[in-house]
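Peer 1: Shown below is the structure under consideration.
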Amino acid sequence: MSTGSHSNRPGSDTFGIDWLSVALLLGGVLLVYYVAPLVSLFLSVPAGDILARVNDPTVVDSATTSLLSASISTAVATLFGLPLAYWLARTDGIVTRAVLAIVVLPLVLPPTVGGIVLLTVFGPGSPLGDAAIAAGFSLTRSLAGVVLAQTFVASPFVVVTAKAAFESVDRTLEYASRSLGKSRWTTARHVTLPLAGPGILAGVTLAFARAIGEFGATMMLAYYPRTMPVQIWVAFVELGLDNAYPIAILLVLIAATALLILNTVASNPWE
Amino acid sequence: MTLELSRLCKGYDRFDFGPVDLTVEDDALAVLGPSGSGKTTLLSLIAGTTSPDSGSIRFDGRELVGLPPEDRRVGMVFQEGALFPHMTARQNVAYAATAGERVDELATLLELEDVLDRKPPTLSGGERQRVALARTLATDPDVLLLDEPLSSLDAPIRKRLRDELHGLFDSLDIPILCVTHDRRTATALGDRIAIVRDGAVEQVGAPQAVLARPKNRFVARFTGNENLFEGTVTDRTGDGATVRFGGIRCRTTAPDPRTSTVTVCIHPSRIEIGAPGIAADDRAANTVAGTVARWLNEGSEYRIDIDIESAPITLAANVRPPTFERLALGDGSDVRVLIPRESIHLIPEAR
């Protein structure tokens, strides 16, 4: 009877205006706002110039630090986060909700505040920090400090996303496996993990992307060795905006890779 | 081999299961009950995916309560199969199999050769159930549990799989529990049937015994018996009691009930319909006159409601198509109703 743009049903069309198109148009403003600066960034510097400056020792060092620390942080977050995610997915009650709230805390806490609370535990003057220094290494201004900061901020992504992935696995399948004589561990390895795999990979990818972009807590806890975001800040403050471009572009490319993974092999938790 | 449940209880927020006592030997027990009666809870308790609040489950004397599901040797065929979706049919069965050659043996037994390399989402409902069955049998379980194995299937497939299951159950020498809400499935598959309601077992027995001699009105109704009437025992002899209900008096072969007030119970398939006016020469049957009030073609038979002439009651009867056509039955047809004495069952009034 009535097609989309000529319907007279209340709430769908008023005054002949297609409100769905209006919605897209309004959202379109936001989309342009996302994409235009990225395009502008790539147009700001000639490609040859970037390639030349990518070999700069400060860029290479910061990229090495970032990739290494983010990999370690993600591995740590996965090692400790997956069991917690499984527990959260398979229990129910007030304790579960309280634990989940604690897991989400680093997500809502401003990263600089995260840095401060970490400093009170690991910083110089704290028992743990002093013990580490006495043992010959430092928990701040070191790769360990970077990993501590990144793990604090990024690991909740693994837990929250993997929890959703585990919950999407029908418990009946786990019961079926166990009634076939398989232990919990065998069941987790052969049934739960493979089925939750894409969701877990999404969580790991998000955690890695968050870790490599971590700035606030890292600044507080480990200004040295410089990660890419810290190096951007230093280059910007000391040498001007132009000098911050190459690393920024590297980070954009890493972010794009993360998006690609999310939309192919992993299951995008926000779809 | 004996599976023995005793005083098994499990409480939920709005539902209490048990106490249930049940013994299954090397035969198939069909557990029949409406949805929400605790059938699936019963299976979960035996399989070990739920823990009871109290009571025991013993297999040949070995206590199963407290053991994790993987240590019980109890095989469960879940509703809809619960096949692992990321594995092929063959991988599903091989995952469970203790020896490699079991996969092919079971595939042959259950006619699965052609679907072994397919994944569960591409299988039909019947194929999925058979793969699930093969997967469970591959573990050589001590006890086999089946949760509504036929409920998700279309009629022709359901009938075929039901026949196959019947043969399979006969060949297995282990206790089998098959849960269903369909009385045809229950009577076809069970060597015995157990009627459950509200978490309790109402009656256990051979299908024919439960159908013919229900313990109470619920069991009678749930096994398809709609002819339930309040009655009074008027005479008792060695041959059986005489009962009066709705103004008619019937002789029965039922033994003396403990009470004088009874529920008279006559299964619709036991009532015979004849042409009106012919003299009642059948001494083994009570004869009354009536008219057809309604009739329904149920496919393999007709369901007829008959208003009894001398009494304010309506009897339901099942009639085979040849009889229905020979008597040219229709709304308002006069008929003669024969109620054989041995078909009348008396349920004593609950005290």
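The values are calculated or read from the model by the stated rules, or taken from the named source; none is laboratory data. Keep in mind that this is a model prediction, so the values were computed, not measured. Don't worry about glycine lacking a Cβ; one is built from the backbone with ideal geometry, like all the others, and counts go over all protein chains shown.
Peer 1: All but one of (1) buried (at least 23 other Cβ atoms within 10 Å of the Cβ); (2) within 14 Å of chain B (Cβ to nearest Cβ) hold for A:Tyr175; which doesn't?
Peer 2: (1)
Okay, residues lined up against (1) touching a residue at least 40 places away in the same chain (Cβ under 8 Å); (2) over 21 Å from B:Ala47 (Cα atoms); (3) more than 13 Å from the chain's Cα centre (by Cα); (4) surrounded by 17 or more Cβ atoms within 10 Å (Cβ to Cβ):
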| position | (1), (2), (3), (4) |
| --- | --- |
| B:Lys159 | no, yes, yes, no |
| B:Ile174 | yes, no, yes, yes |
| B:Leu177 | yes, no, no, yes |
| B:Arg183 | yes, yes, no, yes |
| B:Val196 | yes, no, no, yes |
| B:Ala200 | yes, no, yes, no |
| B:Gln203 | no, yes, no, yes |
| B:Gly238 | no, yes, yes, no |
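Peer 1: Let me ask you something else. Would you say B:Gly224 is away from chain A (no Cβ under 14 Å) and not in a loop (DSSP other than H, G, I, E, B)?
Peer 2: Answer is no for this residue.
Peer 1: Please tell me if B:Glu70 is of a type outside the set (Lys, Arg) and more than 9 Å from every other protein chain (Cβ to nearest Cβ).
Peer 2: So B:Glu70 fails the test.
Peer 1: In the range A:59-93, what residues are surrounded by fewer than 17 Cβ atoms within 10 Å (Cβ to Cβ) and more than 19 Å from A:Leu201 (Cα to Cα)?
Peer 2: Result: A:Val60, A:Asp61, A:Thr64, A:Arg90, A:Thr91, A:Asp92, A:Gly93.
Peer 1: Shifting gears a bit: Which of the residues that make up the range B:217-236 are closer than 12 Å to B:Leu32 by Cβ and crowded, with 17+ Cβ neighbours inside 10 Å?
Peer 2: Residues satisfying the conditions are B:Val219, B:Phe222, B:Thr223.
Peer 1: With hydroxyl-bearing (Ser, Thr, Tyr), farther than 18 Å from A:Val60 by Cβ and either in contact with a Ser or Thr (Cβ under 7 Å, 6 or more places away or on another chain) or surrounded by fewer than 20 Cβ atoms within 10 Å (Cβ to Cβ) (or both) as the only criterion, which of A:Thr205, A:Thr192, A:Thr186, A:Thr227 stands out?
Peer 2: Answer to the check: A:Thr186.
Peer 1: Of everything in the range B:95-133, what is among the basic types (Lys, Arg) and part of a helix (DSSP H, G or I)? Give them in sequence order.
Peer 2: Scanning the range B:95-133 gives B:Arg102, B:Arg128, B:Arg130.
Peer 1: Here's another thing I want to ask about it. For a quick check of your reading of the model, give me the residue pairs whose first member lies in the range A:245-261 and is in the same structural domain as A:Gln231 (by TED's automatic domain parsing), whose second is surrounded by 18 or more Cβ atoms within 10 Å (Cβ to Cβ) and not in a helix (DSSP H, G or I), with beta-carbon atoms closer than 9 Å and at least 6 apart or on different chains.
Peer 2: Pairs found: A:Leu251/A:Gly213; A:Ile254/A:Gly213; A:Ala255/A:Gly213.
Peer 1: Of all the helices (runs of 4 or more DSSP H) wholly in the range A:81-189, which have at least 2 residues that are within 20 Å of the chain's Cα centre (by Cα) and closer than 27 Å to A:Ile212 by Cβ?
Peer 2: Fully inside the range A:81-189 and qualifying: A:94-108, A:111-122, A:143-167.
Peer 1: Which count do you get for residues in the range B:230-267 that are over 13 Å from B:Ala311 (Cβ atoms) and of a type in the set (Lys, Arg)?
Peer 2: The number of residues fulfilling the criteria is 3.
Peer 1: Shifting gears a bit: Given the criteria assigned to a strand (DSSP E or B), more than 18 Å from B:Gln129 (Cα to Cα), more than 8 Å from chain A (Cβ to nearest Cβ) and modelled with pLDDT of 95 or more, does B:Ile46 qualify?
Peer 2: When the stated conditions are applied, B:Ile46 does not pass them.
Peer 1: Just to be sure, is B:Pro214 out of contact with any Gly (no Cβ under 8 Å at 6 or more places or on another chain) and buried (at least 18 other Cβ atoms within 10 Å of the Cβ)?
Peer 2: Answer is yes for this residue.
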